Amino acid sequence: MTDDLRPAFDKLLAAAEGLAEVVEGTSYGTPSLHVRKKFLCRVKDADTVAVVCALEEKEMLMEADPHLYFETAHYKGWPVFLVRIHDIPADQLRTKLEHAWLRQAPKSLLKARQAAG
């Protein structure tokens, strides 16, 4: 990983702390996080990360705060939003990664989370 991507990835790691079975990986040659091999998020560039979401949520986020949440032509029609990593509050990023985890985690992990309370 290049040094310019480290601050963005560190923010993702901090926000994902405590989410079960989240592992580091790569996606499109940049650092990413996955739950049981399913993509959660990745660093797109030093200022931008891509996070899995529902398409409806993506549209709502981009309408509500177009400076923070956006997409490029590559992501049109895909259930992934782009976010300016250095502008998003830590608690908001944590919530978005929890939503991504809930969307991507296998049923066994979801059941274990529910059982744990």
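The values are calculated or read from the model by the stated rules, or taken from the named source; none is laboratory data. Just so you know, these numbers come straight off a predicted model, no measurement behind them. Quick reminder, even Gly has a Cβ in these numbers, built from the backbone with ideal geometry, and neighbours come from all protein chains shown.
Considering segment 104-117, and only residues there that are touching a residue at least 24 places away in the same chain (Cβ under 8 Å), in a helix (DSSP H, G or I) and surrounded by fewer than 17 Cβ atoms within 10 Å (Cβ to Cβ), the residue that is farthest from the chain's Cα centre (by Cα) turns out to be A112. Within segment 34-49, can one find any residue that is among the basic types (K, R), crowded, with 21+ Cβ neighbours inside 10 Å, at pLDDT 95 or above and assigned to a strand (DSSP E or B)? Yes, there is a match, as at least one residue in segment 34-49 is among the basic types (K, R), crowded, with 21+ Cβ neighbours inside 10 Å, at pLDDT 95 or above and assigned to a strand (DSSP E or B). Of the residues making up segment 47-74, those that are in contact with a Lys or Arg (Cβ under 9 Å, 6 or more places away or on another chain) and under 22 Å from P7 (Cβ atoms) number 11.
Checked against the criterion of being of a type outside the set (S, T, N, Q) and closer than 25 Å to P7 by Cα, the candidates L109, L97 yield just one match: L97.
Among the residues here, K38 qualifies as under 12 Å from the mean Cα position of the chain (by Cα) and either farther than 24 Å from R6 by Cβ or not aliphatic (A, V, I, L, M) (or both).
Among the residues of segment 77-98, those identified as in a helix (DSSP H, G or I), surrounded by 13 or more Cβ atoms within 10 Å (Cβ to Cβ) and touching a helix residue (DSSP H, G or I) at 6+ places or on another chain (Cβ under 7 Å) are L93, R94, L97. Reported count of residues in segment 9-33, each being in a loop (DSSP other than H, G, I, E, B) and without any contact (Cβ under 8 Å) to a residue 60 or more places away in the chain, is 4. Within segment 1-60, the set of residues being of a type in the set (D, E, K, R), touching a Gly at 6+ places or on another chain (Cβ under 9 Å) and over 16 Å from I85 (Cα atoms) comprises just one member, K37.
Looking only at residues of segment 56-76 that are of a type outside the set (K, R) and under 23 Å from P31 (Cα atoms), we find that the one that is surrounded by the fewest Cβ atoms within 10 Å (Cβ to Cβ) is A73. Test E56 against the stated conditions and say whether it is part of a helix (DSSP H, G or I), modelled with pLDDT under 95 and either touching a Cys at 6+ places or on another chain (Cβ under 9 Å) or farther than 26 Å from G117 by Cα (or both). Yes: the conditions hold for E56.
When the residues of segment 1-33 are filtered to those that are among the β-branched types (V, I, T) and buried (at least 17 other Cβ atoms within 10 Å of the Cβ), which remaining residue is farthest from the chain's Cα centre (by Cα)? Step by step, filter segment 1-33, then rank; the result is T30.
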